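The values are calculated or read from the model by the stated rules, or taken from the named source; none is laboratory data. No experiment lies behind these values; they were computed from the predicted model shown. For neighbour counting, all protein chains shown are included, and Cβ atoms are generated from backbone atoms with ideal geometry for every residue, glycine included. To get the accessible areas, we keep the full protein, side chains included, count just its heavy atoms, and leave off ligands, DNA and RNA. Shrake-Rupley method; radii C 1.70, N 1.55, O 1.52, S 1.80 Å.
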Amino acid sequence: MAQNSASETRIYLLEQRKNKELNLEHIDEQMRMEQVRQSASKMEWASFGQAVRRNLQEKRNTIDADGRKDVLKGIAFMKSRMPIETTFTMQEKVKIMAESLGCSHAHTSRGWSITKPEELNMDLTITEGQVTTVVLSFWEEPSFYSPEATKMLQNDQWTELRNKIAGMLSKYDRQIGRRDLANCKGALSMLEMLFSHFSQDASFIAIHRSNYGYYLRPSDLRNGRVYYLADPFYRSLRSKDRVYHLTEQDYDALPYFEVSFINYDSPCTLPDYYNSGEWVESIEADVAICMKLSRGVVMSEATRKKLGQFSKKTVSIRHYTNCYRYLTGEIKINNNLKMITQFTDGKAQHLYNVDVTSFNGEGDSVITEIFLEHMQDFHKVISILRNEAMHISLWESVLSSCYEQQGIKEHVVSAIRMNIFLSREEIVITFKTKYAPIKITIRDNANLETNVEVVNAETNLPIAKQIDETLTRKLNETWSIPVTLTYAVSGEDCKLAKIKVPLRAENPETKAPTPTAIIMRR
(Lines give C-alpha, C1' and ligand atoms only; values in the text may rest on other atoms or scores of the structure.)
Protein backbone atom coordinates (compact mmCIF):
# COMPACT_ATOMS: atom_id res chain seq x y z
CA MET A 1 0.00 0.00 0.00
CA ALA A 2 1.05 3.64 -0.39
CA GLN A 3 3.25 4.80 2.45
CA ASN A 4 2.35 7.91 4.45
CA SER A 5 5.84 8.26 5.86
CA ALA A 6 8.90 6.22 6.60
CA SER A 7 7.19 4.93 9.74
CA GLU A 8 3.63 4.34 8.54
CA THR A 9 1.97 1.90 6.15
CA ARG A 10 -1.73 1.74 5.37
CA ILE A 11 -3.45 -1.60 5.81
CA TYR A 12 -7.00 -2.30 4.72
CA LEU A 13 -9.65 -4.12 6.66
CA LEU A 14 -12.14 -5.08 3.96
CA GLU A 15 -15.83 -4.33 4.29
CA GLN A 16 -18.80 -4.18 2.01
CA ARG A 17 -19.89 -0.78 0.75
CA LYS A 18 -23.08 -0.04 2.67
CA ASN A 19 -23.46 3.75 2.70
CA LYS A 20 -24.07 5.25 -0.74
CA GLU A 21 -25.28 8.67 0.39
CA LEU A 22 -22.09 10.39 -0.74
CA ASN A 23 -21.72 8.40 -3.92
CA LEU A 24 -22.56 10.90 -6.70
CA GLU A 25 -22.59 8.18 -9.32
CA HIS A 26 -25.19 6.27 -7.30
CA ILE A 27 -27.32 9.41 -6.83
CA ASP A 28 -27.24 10.12 -10.56
CA GLU A 29 -28.20 6.53 -11.29
CA GLN A 30 -31.18 6.74 -8.92
CA MET A 31 -32.35 9.99 -10.51
CA ARG A 32 -32.25 8.41 -13.96
CA MET A 33 -34.14 5.35 -12.74
CA GLU A 34 -36.80 7.57 -11.17
CA GLN A 35 -37.27 9.36 -14.50
CA VAL A 36 -37.73 5.99 -16.21
CA ARG A 37 -40.23 4.88 -13.57
CA GLN A 38 -42.26 8.09 -13.90
CA SER A 39 -42.34 7.75 -17.68
CA ALA A 40 -43.22 4.06 -17.52
CA SER A 41 -46.07 4.67 -15.05
CA LYS A 42 -47.89 6.66 -17.75
CA MET A 43 -47.76 3.82 -20.27
CA GLU A 44 -49.29 0.34 -20.35
CA TRP A 45 -47.03 -2.57 -21.24
CA ALA A 46 -48.59 -3.02 -24.67
CA SER A 47 -48.11 0.66 -25.44
CA PHE A 48 -44.53 0.46 -24.19
CA GLY A 49 -43.78 -2.45 -26.51
CA GLN A 50 -45.29 -0.58 -29.46
CA ALA A 51 -43.25 2.50 -28.62
CA VAL A 52 -40.04 0.50 -28.52
CA ARG A 53 -40.78 -1.14 -31.87
CA ARG A 54 -41.60 2.25 -33.38
CA ASN A 55 -38.38 3.63 -31.96
CA LEU A 56 -36.41 0.74 -33.45
CA GLN A 57 -37.94 1.42 -36.86
CA GLU A 58 -36.92 5.07 -36.60
CA LYS A 59 -33.34 3.99 -35.83
CA ARG A 60 -33.13 1.34 -38.54
CA ASN A 61 -30.19 3.16 -40.10
CA THR A 62 -28.14 2.98 -36.91
CA ILE A 63 -29.24 -0.34 -35.40
CA ASP A 64 -28.73 -3.42 -37.51
CA ALA A 65 -31.12 -6.38 -37.68
CA ASP A 66 -29.23 -8.31 -35.00
CA GLY A 67 -29.38 -5.32 -32.69
CA ARG A 68 -33.15 -4.95 -33.10
CA LYS A 69 -33.56 -8.68 -32.55
CA ASP A 70 -31.53 -8.48 -29.31
CA VAL A 71 -33.66 -5.58 -28.05
CA LEU A 72 -36.89 -7.42 -28.81
CA LYS A 73 -35.54 -10.49 -27.02
CA GLY A 74 -34.74 -8.23 -24.08
CA ILE A 75 -38.32 -6.98 -24.07
CA ALA A 76 -39.63 -10.55 -24.14
CA PHE A 77 -37.35 -11.43 -21.22
CA MET A 78 -38.53 -8.41 -19.24
CA LYS A 79 -42.12 -9.31 -20.00
CA SER A 80 -41.61 -12.80 -18.60
CA ARG A 81 -40.43 -11.27 -15.33
CA MET A 82 -43.04 -8.53 -14.94
CA PRO A 83 -44.79 -8.66 -11.55
CA ILE A 84 -48.49 -9.53 -11.47
CA GLU A 85 -50.00 -6.90 -9.21
CA THR A 86 -52.51 -7.94 -6.56
CA THR A 87 -54.72 -4.98 -7.52
CA PHE A 88 -55.39 -6.38 -11.00
CA THR A 89 -58.67 -8.09 -11.84
CA MET A 90 -58.78 -11.87 -12.18
CA GLN A 91 -58.90 -11.58 -15.96
CA GLU A 92 -55.86 -9.28 -15.99
CA LYS A 93 -53.89 -11.62 -13.74
CA VAL A 94 -54.66 -14.62 -15.94
CA LYS A 95 -53.78 -12.65 -19.10
CA ILE A 96 -50.41 -11.45 -17.76
CA MET A 97 -49.49 -14.90 -16.41
CA ALA A 98 -50.33 -16.52 -19.73
CA GLU A 99 -48.44 -13.97 -21.82
CA SER A 100 -45.37 -14.04 -19.58
CA LEU A 101 -45.25 -17.85 -19.96
CA GLY A 102 -45.74 -17.63 -23.73
CA CYS A 103 -49.14 -19.31 -23.47
CA SER A 104 -52.68 -18.68 -24.64
CA HIS A 105 -55.59 -18.29 -22.23
CA ALA A 106 -59.32 -18.83 -22.50
CA HIS A 107 -62.45 -18.54 -20.39
CA THR A 108 -64.00 -21.92 -19.46
CA SER A 109 -67.21 -23.00 -17.77
CA ARG A 110 -65.24 -23.49 -14.51
CA GLY A 111 -62.92 -20.51 -14.74
CA TRP A 112 -59.84 -20.10 -16.90
CA SER A 113 -57.34 -22.23 -18.80
CA ILE A 114 -53.74 -21.38 -19.66
CA THR A 115 -52.20 -23.62 -22.33
CA LYS A 116 -49.18 -24.11 -24.52
CA PRO A 117 -49.17 -27.18 -26.79
CA GLU A 118 -46.86 -30.00 -25.62
CA GLU A 119 -45.64 -27.96 -22.64
CA LEU A 120 -48.32 -26.73 -20.23
CA ASN A 121 -51.99 -27.17 -19.42
CA MET A 122 -53.26 -25.21 -16.45
CA ASP A 123 -56.94 -25.16 -15.44
CA LEU A 124 -58.22 -22.75 -12.80
CA THR A 125 -61.55 -23.25 -11.10
CA ILE A 126 -63.00 -19.94 -9.94
CA THR A 127 -65.80 -19.73 -7.37
CA GLU A 128 -67.15 -16.33 -6.32
CA GLY A 129 -64.02 -14.59 -7.57
CA GLN A 130 -61.66 -16.91 -5.69
CA VAL A 131 -59.42 -19.67 -7.09
CA THR A 132 -60.56 -22.97 -5.56
CA THR A 133 -58.51 -25.52 -7.53
CA VAL A 134 -55.49 -25.52 -9.83
CA VAL A 135 -54.91 -28.53 -12.11
CA LEU A 136 -51.56 -28.76 -13.93
CA SER A 137 -49.93 -30.85 -16.63
CA PHE A 138 -46.32 -30.38 -17.79
CA TRP A 139 -44.88 -31.77 -21.03
CA GLU A 140 -48.02 -33.82 -21.84
CA GLU A 141 -47.74 -35.82 -18.64
CA PRO A 142 -50.91 -36.77 -16.68
CA SER A 143 -52.79 -33.88 -15.11
CA PHE A 144 -52.79 -33.49 -11.34
CA TYR A 145 -54.39 -31.29 -8.73
CA SER A 146 -51.77 -29.04 -7.11
CA PRO A 147 -52.56 -28.00 -3.53
CA GLU A 148 -49.45 -25.81 -3.48
CA ALA A 149 -50.43 -23.87 -6.62
CA THR A 150 -53.99 -23.51 -5.34
CA LYS A 151 -52.83 -22.11 -2.02
CA MET A 152 -50.44 -19.68 -3.73
CA LEU A 153 -53.21 -18.18 -5.87
CA GLN A 154 -55.57 -18.02 -2.91
CA ASN A 155 -52.85 -15.98 -1.20
CA ASP A 156 -52.53 -13.75 -4.29
CA GLN A 157 -49.03 -15.04 -5.09
CA TRP A 158 -49.47 -14.97 -8.84
CA THR A 159 -45.97 -13.76 -9.59
CA GLU A 160 -44.39 -16.43 -7.40
CA LEU A 161 -46.46 -19.18 -9.01
CA ARG A 162 -45.61 -17.91 -12.50
CA ASN A 163 -41.90 -18.08 -11.63
CA LYS A 164 -42.21 -21.63 -10.30
CA ILE A 165 -44.04 -22.78 -13.43
CA ALA A 166 -41.37 -21.13 -15.59
CA GLY A 167 -38.78 -23.11 -13.64
CA MET A 168 -40.65 -26.35 -14.32
CA LEU A 169 -40.81 -25.57 -18.05
CA SER A 170 -37.07 -24.91 -18.18
CA LYS A 171 -36.39 -28.65 -17.77
CA TYR A 172 -36.65 -29.16 -21.53
CA ASP A 173 -35.78 -26.71 -24.30
CA ARG A 174 -38.97 -25.99 -26.26
CA GLN A 175 -36.97 -26.37 -29.51
CA ILE A 176 -36.20 -30.04 -28.82
CA GLY A 177 -37.89 -32.34 -31.32
CA ARG A 178 -40.70 -34.61 -30.21
CA ARG A 179 -38.73 -37.87 -30.51
CA ASP A 180 -35.66 -36.39 -28.81
CA LEU A 181 -37.90 -35.05 -26.04
CA ALA A 182 -39.22 -38.55 -25.35
CA ASN A 183 -35.65 -39.87 -25.18
CA CYS A 184 -34.65 -37.09 -22.79
CA LYS A 185 -37.57 -37.91 -20.51
CA GLY A 186 -36.52 -41.55 -20.43
CA ALA A 187 -32.90 -40.68 -19.67
CA LEU A 188 -33.92 -38.31 -16.89
CA SER A 189 -36.23 -40.92 -15.34
CA MET A 190 -33.36 -43.41 -15.32
CA LEU A 191 -31.06 -40.84 -13.74
CA GLU A 192 -33.64 -40.07 -11.05
CA MET A 193 -33.91 -43.77 -10.21
CA LEU A 194 -30.13 -43.94 -9.96
CA PHE A 195 -30.03 -40.93 -7.67
CA SER A 196 -32.80 -42.34 -5.51
CA HIS A 197 -30.82 -45.56 -5.10
CA PHE A 198 -27.39 -44.11 -4.36
CA SER A 199 -28.20 -40.81 -2.63
CA GLN A 200 -30.70 -41.59 0.09
CA ASP A 201 -28.60 -40.18 2.95
CA ALA A 202 -29.62 -36.55 3.56
CA SER A 203 -26.99 -35.89 6.24
CA PHE A 204 -24.72 -32.92 5.62
CA ILE A 205 -21.67 -35.19 5.74
CA ALA A 206 -23.11 -37.45 3.02
CA ILE A 207 -24.04 -34.44 0.87
CA HIS A 208 -20.45 -33.27 1.17
CA ARG A 209 -18.70 -36.57 0.53
CA SER A 210 -20.98 -38.87 -1.49
CA ASN A 211 -20.11 -39.28 -5.19
CA TYR A 212 -23.76 -38.55 -5.99
CA GLY A 213 -24.52 -35.86 -3.44
CA TYR A 214 -28.11 -35.96 -2.26
CA TYR A 215 -31.07 -36.05 -4.64
CA LEU A 216 -34.16 -34.13 -3.55
CA ARG A 217 -37.06 -35.59 -5.48
CA PRO A 218 -39.22 -33.19 -7.53
CA SER A 219 -42.45 -31.77 -6.14
CA ASP A 220 -45.50 -30.34 -7.93
CA LEU A 221 -43.74 -27.03 -8.61
CA ARG A 222 -40.06 -27.86 -8.25
CA ASN A 223 -37.69 -29.91 -10.40
CA GLY A 224 -35.44 -32.50 -8.79
CA ARG A 225 -32.26 -31.12 -7.24
CA VAL A 226 -28.83 -32.60 -6.56
CA TYR A 227 -27.19 -31.08 -3.48
CA TYR A 228 -23.46 -31.58 -3.76
CA LEU A 229 -21.84 -29.43 -1.07
CA ALA A 230 -22.22 -28.70 2.65
CA ASP A 231 -19.02 -26.98 3.73
CA PRO A 232 -17.58 -27.24 7.28
CA PHE A 233 -18.69 -23.75 8.27
CA TYR A 234 -22.30 -24.45 7.30
CA ARG A 235 -22.29 -27.80 9.09
CA SER A 236 -20.89 -26.15 12.20
CA LEU A 237 -23.52 -23.42 12.03
CA ARG A 238 -26.40 -25.88 11.75
CA SER A 239 -24.98 -28.17 14.43
CA LYS A 240 -25.49 -25.34 16.95
CA ASP A 241 -29.22 -25.95 16.41
CA ARG A 242 -28.59 -29.72 16.52
CA VAL A 243 -29.49 -30.06 12.84
CA TYR A 244 -27.35 -32.57 10.95
CA HIS A 245 -29.60 -33.48 8.00
CA LEU A 246 -31.07 -31.51 5.12
CA THR A 247 -34.33 -29.79 6.06
CA GLU A 248 -36.64 -27.45 4.15
CA GLN A 249 -34.77 -24.54 5.72
CA ASP A 250 -31.62 -25.68 3.88
CA TYR A 251 -33.23 -26.12 0.45
CA ASP A 252 -32.25 -22.69 -0.88
CA ALA A 253 -29.20 -22.17 1.35
CA LEU A 254 -27.00 -25.01 0.08
CA PRO A 255 -25.70 -25.12 -3.51
CA TYR A 256 -27.35 -27.58 -5.89
CA PHE A 257 -27.90 -28.21 -9.57
CA GLU A 258 -30.85 -29.30 -11.66
CA VAL A 259 -30.58 -31.48 -14.76
CA SER A 260 -32.19 -30.15 -17.92
CA PHE A 261 -31.81 -30.54 -21.69
CA ILE A 262 -31.22 -27.96 -24.40
CA ASN A 263 -31.47 -28.28 -28.16
CA TYR A 264 -28.08 -28.70 -29.82
CA ASP A 265 -26.87 -29.02 -33.40
CA SER A 266 -24.93 -32.25 -32.93
CA PRO A 267 -26.10 -35.48 -31.27
CA CYS A 268 -25.08 -36.84 -27.91
CA THR A 269 -25.74 -40.35 -26.62
CA LEU A 270 -28.17 -40.83 -23.76
CA PRO A 271 -28.19 -43.81 -21.38
CA ASP A 272 -30.68 -46.54 -22.12
CA TYR A 273 -30.28 -48.38 -18.83
CA TYR A 274 -27.87 -48.85 -15.94
CA ASN A 275 -26.78 -52.44 -15.38
CA SER A 276 -24.41 -53.75 -12.66
CA GLY A 277 -22.68 -50.41 -12.26
CA GLU A 278 -22.21 -49.91 -16.02
CA TRP A 279 -23.90 -47.27 -18.14
CA VAL A 280 -25.19 -48.35 -21.52
CA GLU A 281 -25.53 -45.49 -24.01
CA SER A 282 -27.44 -46.45 -27.11
CA ILE A 283 -29.80 -43.55 -27.78
CA GLU A 284 -28.85 -40.50 -29.82
CA ALA A 285 -30.53 -37.11 -29.47
CA ASP A 286 -29.68 -33.63 -30.76
CA VAL A 287 -29.41 -32.21 -27.26
CA ALA A 288 -26.88 -31.21 -24.64
CA ILE A 289 -27.27 -32.24 -21.00
CA CYS A 290 -27.30 -29.18 -18.78
CA MET A 291 -26.30 -29.01 -15.12
CA LYS A 292 -28.04 -25.77 -14.14
CA LEU A 293 -26.34 -24.38 -11.02
CA SER A 294 -28.51 -22.82 -8.33
CA ARG A 295 -26.17 -19.83 -8.08
CA GLY A 296 -23.23 -18.41 -9.96
CA VAL A 297 -20.02 -20.29 -9.12
CA VAL A 298 -16.70 -18.42 -9.02
CA MET A 299 -14.27 -20.57 -10.95
CA SER A 300 -10.62 -20.25 -11.90
CA GLU A 301 -9.56 -20.44 -15.53
CA ALA A 302 -7.62 -23.65 -14.85
CA THR A 303 -10.67 -25.38 -13.39
CA ARG A 304 -12.90 -24.17 -16.19
CA LYS A 305 -10.51 -25.75 -18.68
CA LYS A 306 -10.59 -28.97 -16.66
CA LEU A 307 -14.37 -29.08 -17.13
CA GLY A 308 -13.80 -28.97 -20.89
CA GLN A 309 -12.95 -32.66 -21.05
CA PHE A 310 -16.50 -33.51 -19.92
CA SER A 311 -18.36 -30.73 -21.74
CA LYS A 312 -20.52 -30.87 -24.83
CA LYS A 313 -20.25 -27.10 -25.23
CA THR A 314 -18.67 -24.17 -23.41
CA VAL A 315 -20.01 -23.48 -19.93
CA SER A 316 -22.37 -20.52 -19.52
CA ILE A 317 -20.31 -17.60 -18.24
CA ARG A 318 -21.96 -14.67 -16.48
CA HIS A 319 -18.79 -12.59 -16.61
CA TYR A 320 -15.00 -12.84 -16.50
CA THR A 321 -13.02 -11.72 -13.48
CA ASN A 322 -10.11 -12.54 -11.20
CA CYS A 323 -11.55 -14.89 -8.58
CA TYR A 324 -9.48 -13.54 -5.67
CA ARG A 325 -10.13 -9.91 -6.50
CA TYR A 326 -13.81 -10.67 -7.13
CA LEU A 327 -14.23 -11.98 -3.60
CA THR A 328 -12.20 -9.13 -2.11
CA GLY A 329 -14.81 -6.59 -3.21
CA GLU A 330 -14.65 -3.06 -4.55
CA ILE A 331 -11.28 -2.07 -3.10
CA LYS A 332 -8.62 -1.16 -5.67
CA ILE A 333 -5.51 -3.33 -5.39
CA ASN A 334 -2.45 -1.63 -6.86
CA ASN A 335 0.16 -3.04 -4.48
CA ASN A 336 0.45 -5.96 -2.10
CA LEU A 337 -2.75 -6.21 -0.08
CA LYS A 338 -2.17 -5.94 3.67
CA MET A 339 -4.77 -7.17 6.14
CA ILE A 340 -4.87 -8.02 9.83
CA THR A 341 -6.97 -10.63 11.58
CA GLN A 342 -9.46 -9.85 14.34
CA PHE A 343 -8.99 -12.83 16.69
CA THR A 344 -10.73 -12.33 20.03
CA ASP A 345 -9.25 -15.23 21.98
CA GLY A 346 -6.06 -13.48 23.03
CA LYS A 347 -3.88 -15.12 20.37
CA ALA A 348 -1.39 -13.10 18.37
CA GLN A 349 -2.94 -11.55 15.30
CA HIS A 350 -1.78 -12.37 11.77
CA LEU A 351 -0.61 -9.55 9.53
CA TYR A 352 -1.12 -10.83 5.97
CA ASN A 353 0.83 -9.38 3.06
CA VAL A 354 -0.83 -10.79 -0.08
CA ASP A 355 1.19 -10.70 -3.29
CA VAL A 356 -0.36 -8.26 -5.75
CA THR A 357 0.24 -10.62 -8.67
CA SER A 358 -2.40 -12.92 -7.17
CA PHE A 359 -4.99 -10.34 -8.30
CA ASN A 360 -3.74 -9.93 -11.87
CA GLY A 361 -5.45 -11.41 -14.90
CA GLU A 362 -9.11 -11.70 -15.92
CA GLY A 363 -9.23 -15.33 -17.05
CA ASP A 364 -11.39 -16.58 -14.17
CA SER A 365 -15.17 -16.41 -14.38
CA VAL A 366 -18.54 -16.79 -12.72
CA ILE A 367 -20.37 -19.71 -14.37
CA THR A 368 -24.04 -20.68 -14.23
CA GLU A 369 -24.42 -23.82 -16.41
CA ILE A 370 -22.32 -26.83 -17.37
CA PHE A 371 -23.16 -28.90 -20.47
CA LEU A 372 -22.20 -32.56 -20.31
CA GLU A 373 -21.10 -34.75 -23.20
CA HIS A 374 -22.07 -37.91 -21.27
CA MET A 375 -24.61 -38.06 -18.47
CA GLN A 376 -22.55 -40.52 -16.43
CA ASP A 377 -19.82 -37.89 -15.95
CA PHE A 378 -21.92 -35.77 -13.60
CA HIS A 379 -20.21 -37.23 -10.50
CA LYS A 380 -16.80 -36.21 -11.91
CA VAL A 381 -18.11 -32.67 -12.31
CA ILE A 382 -19.37 -32.78 -8.71
CA SER A 383 -15.81 -33.57 -7.57
CA ILE A 384 -14.45 -30.62 -9.55
CA LEU A 385 -17.08 -28.27 -8.12
CA ARG A 386 -16.31 -29.40 -4.57
CA ASN A 387 -12.56 -28.93 -5.01
CA GLU A 388 -13.10 -25.48 -6.46
CA ALA A 389 -15.45 -24.51 -3.63
CA MET A 390 -12.86 -25.62 -1.10
CA HIS A 391 -10.10 -23.59 -2.78
CA ILE A 392 -12.24 -20.46 -2.99
CA SER A 393 -13.34 -20.91 0.64
CA LEU A 394 -9.72 -20.85 1.78
CA TRP A 395 -9.33 -17.31 0.46
CA GLU A 396 -12.76 -16.37 1.83
CA SER A 397 -11.60 -17.57 5.26
CA VAL A 398 -8.76 -15.04 5.16
CA LEU A 399 -11.14 -12.24 4.16
CA SER A 400 -13.75 -13.09 6.79
CA SER A 401 -11.14 -13.18 9.55
CA CYS A 402 -10.03 -9.70 8.56
CA TYR A 403 -13.40 -7.99 8.43
CA GLU A 404 -13.64 -5.27 11.03
CA GLN A 405 -15.91 -5.99 13.98
CA GLN A 406 -18.46 -3.40 15.08
CA GLY A 407 -17.63 -1.50 18.24
CA ILE A 408 -13.89 -1.97 17.93
CA LYS A 409 -11.83 0.13 20.35
CA GLU A 410 -8.48 1.76 19.79
CA HIS A 411 -5.73 -0.56 20.91
CA VAL A 412 -2.34 -1.96 19.98
CA VAL A 413 -2.04 -5.61 19.00
CA SER A 414 0.88 -7.95 18.47
CA ALA A 415 0.93 -9.67 15.10
CA ILE A 416 2.92 -12.25 13.17
CA ARG A 417 3.96 -11.01 9.72
CA MET A 418 2.99 -13.46 6.97
CA ASN A 419 3.35 -13.36 3.19
CA ILE A 420 0.73 -15.06 1.02
CA PHE A 421 0.81 -15.96 -2.66
CA LEU A 422 -2.42 -17.24 -4.23
CA SER A 423 -2.78 -19.42 -7.31
CA ARG A 424 -5.09 -22.27 -8.30
CA GLU A 425 -2.23 -24.77 -8.23
CA GLU A 426 -1.10 -23.86 -4.70
CA ILE A 427 -1.31 -21.33 -1.89
CA VAL A 428 2.07 -20.45 -0.41
CA ILE A 429 2.45 -18.82 3.03
CA THR A 430 5.82 -17.77 4.42
CA PHE A 431 6.85 -16.26 7.74
CA LYS A 432 9.88 -16.09 10.02
CA THR A 433 10.17 -17.74 13.40
CA LYS A 434 12.94 -17.56 16.00
CA TYR A 435 14.15 -20.93 14.79
CA ALA A 436 13.84 -20.91 10.99
CA PRO A 437 12.03 -19.27 8.08
CA ILE A 438 8.91 -21.33 7.32
CA LYS A 439 7.08 -22.02 4.07
CA ILE A 440 3.62 -23.62 4.10
CA THR A 441 2.22 -24.94 0.82
CA ILE A 442 -1.44 -25.89 0.37
CA ARG A 443 -2.50 -28.06 -2.58
CA ASP A 444 -5.50 -30.18 -3.62
CA ASN A 445 -5.26 -33.96 -3.50
CA ALA A 446 -7.18 -36.70 -5.26
CA ASN A 447 -9.48 -37.33 -2.27
CA LEU A 448 -11.37 -34.02 -2.44
CA GLU A 449 -9.19 -32.64 0.33
CA THR A 450 -6.16 -30.39 0.72
CA ASN A 451 -2.61 -31.36 1.62
CA VAL A 452 -0.47 -29.08 3.77
CA GLU A 453 3.31 -29.27 3.55
CA VAL A 454 5.63 -27.35 5.93
CA VAL A 455 9.29 -26.89 5.04
CA ASN A 456 12.28 -24.72 5.91
CA ALA A 457 12.01 -21.80 3.46
CA GLU A 458 15.79 -21.68 2.95
CA THR A 459 16.71 -25.36 2.73
CA ASN A 460 13.34 -26.68 1.51
CA LEU A 461 13.68 -29.56 3.99
CA PRO A 462 10.52 -30.79 5.75
CA ILE A 463 10.01 -29.72 9.35
CA ALA A 464 8.08 -32.72 10.69
CA LYS A 465 5.61 -35.21 9.26
CA GLN A 466 3.38 -34.83 12.32
CA ILE A 467 3.04 -31.09 11.71
CA ASP A 468 2.01 -31.74 8.11
CA GLU A 469 -0.61 -34.25 9.23
CA THR A 470 -1.99 -31.99 11.96
CA LEU A 471 -2.33 -28.95 9.70
CA THR A 472 -3.81 -31.03 6.89
CA ARG A 473 -6.44 -32.42 9.24
CA LYS A 474 -7.28 -29.00 10.69
CA LEU A 475 -7.55 -27.35 7.28
CA ASN A 476 -9.86 -30.06 5.93
CA GLU A 477 -11.99 -29.83 9.06
CA THR A 478 -12.35 -26.04 9.00
CA TRP A 479 -11.56 -24.82 5.45
CA SER A 480 -9.97 -21.87 7.26
CA ILE A 481 -6.38 -20.72 6.71
CA PRO A 482 -6.27 -18.36 9.74
CA VAL A 483 -7.59 -21.03 12.11
CA THR A 484 -5.17 -23.64 10.74
CA LEU A 485 -2.21 -21.28 11.05
CA THR A 486 -2.87 -20.89 14.77
CA TYR A 487 -1.86 -24.56 15.06
CA ALA A 488 1.30 -23.92 13.05
CA VAL A 489 2.79 -20.97 14.93
CA SER A 490 2.16 -18.91 18.06
CA GLY A 491 3.25 -15.50 19.22
CA GLU A 492 5.98 -17.09 21.33
CA ASP A 493 7.68 -18.46 18.21
CA CYS A 494 8.08 -15.15 16.38
CA LYS A 495 9.25 -11.60 16.67
CA LEU A 496 5.94 -9.76 16.77
CA ALA A 497 5.02 -6.50 15.05
CA LYS A 498 3.20 -3.89 17.13
CA ILE A 499 0.14 -2.58 15.29
CA LYS A 500 -2.10 0.28 16.33
CA VAL A 501 -5.76 -0.30 15.53
CA PRO A 502 -7.52 3.10 15.61
CA LEU A 503 -11.18 4.01 15.85
CA ARG A 504 -13.19 4.42 12.67
CA ALA A 505 -13.30 8.18 13.22
CA GLU A 506 -9.52 8.33 12.75
CA ASN A 507 -9.80 6.85 9.27
CA PRO A 508 -10.29 9.56 6.66
CA GLU A 509 -11.38 6.89 4.19
CA THR A 510 -14.59 6.25 6.13
CA LYS A 511 -15.84 9.73 5.27
CA ALA A 512 -16.45 8.50 1.72
CA PRO A 513 -17.71 5.13 0.46
CA THR A 514 -14.29 3.45 0.40
CA PRO A 515 -12.88 0.63 2.53
CA THR A 516 -11.97 1.31 6.13
CA ALA A 517 -8.25 1.52 6.88
CA ILE A 518 -6.08 1.03 9.92
CA ILE A 519 -2.57 2.32 10.43
CA MET A 520 0.30 0.03 11.25
CA ARG A 521 3.38 1.47 12.88
CA ARG A 522 6.61 -0.36 12.28
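Quick notes on this structure:
- Relative to the Cα centre, the charge distribution of the range 90-170, modelled as +1 at Lys and Arg Cβ and -1 at Asp and Glu Cβ, gives a dipole magnitude of about 140 debye.
- Restraint check, 434/500; 116/164; 185/305, Cα-Cα greater than 25 Å: 185/305
- Principal axis extents of the Cα atoms in the range 90-170, from largest to smallest and rounded to whole angstrom, are 32, 24, 23.
- Remark: the range 145-156, residue by residue, has Karplus-estimated 3J(HN,Hα) of 7, 10, x, 5, 5, 4, 4, 4, 6, 5, 8, 6 Hz, where x stands for each Gly or Pro and the curve is 6.51 cos²θ - 1.76 cosθ + 1.60 at θ = phi - 60°.
- Take every pair of alpha-carbon atoms less than 8 Å apart whose residues are at least six positions apart; their mean separation over the length of the range 90-170 yields a relative contact order of 20 percent.
- A dipole drawn for the range 443-498 from +1 and -1 charges on Cβ atoms has a positive end, and of 487, 460, 471 the residue lying farthest that way is 487.
- The phi torsions of the range 478-488, fed into the Karplus equation with coefficients 6.51, -1.76 and 1.60 and a -60° offset, translate into couplings of 10, 6, 10, 5, x, 5, 5, 5, 5, 8, 8 Hz, rounded to whole numbers, with Gly and Pro shown as x.
- Proximal charge balance of residue 294 [Cβ under 13 Å; K/R count +1, D/E count -1]: 0
- For the residues 330, 128, a 1.4 Å probe over the protein chains yields an accessible-area ranking, largest first, of 128, 330.
- Per-residue surface analysis assigns residue 105 an accessible area of about 70 Å², computed on protein heavy atoms at 1.4 Å probe radius.
- Mean-position separation - Cα centroids, the range 236-253 and the range 84-138, in angstrom: 37 Å
- Neighbours of residue 397 by Cβ distance under 13 Å: Lys/Arg scored +1, Asp/Glu scored -1, total -2.
- Estimated inter-spin distance, residue 336 and residue 128, nm [label 7 Å along Cα→Cβ]: 7.6 nm
- With both labels modelled 7 Å from their Cα along Cα-to-Cβ, the residue 265 to residue 108 distance reads 4.1 nm.
- Three-way shape label, the range 118-244, alpha-carbon gyration tensor, a/c 1.5: oblate
- Estimated inter-spin distance, residue 209 and residue 284, nm [label 7 Å along Cα→Cβ]: 4.3 nm
- Rounded to whole Hz, the Karplus (6.51, -1.76, 1.60) HN-Hα couplings of the range 425-432, x for glycine and proline: 6, 6, 10, 10, 10, 10, 7, 9
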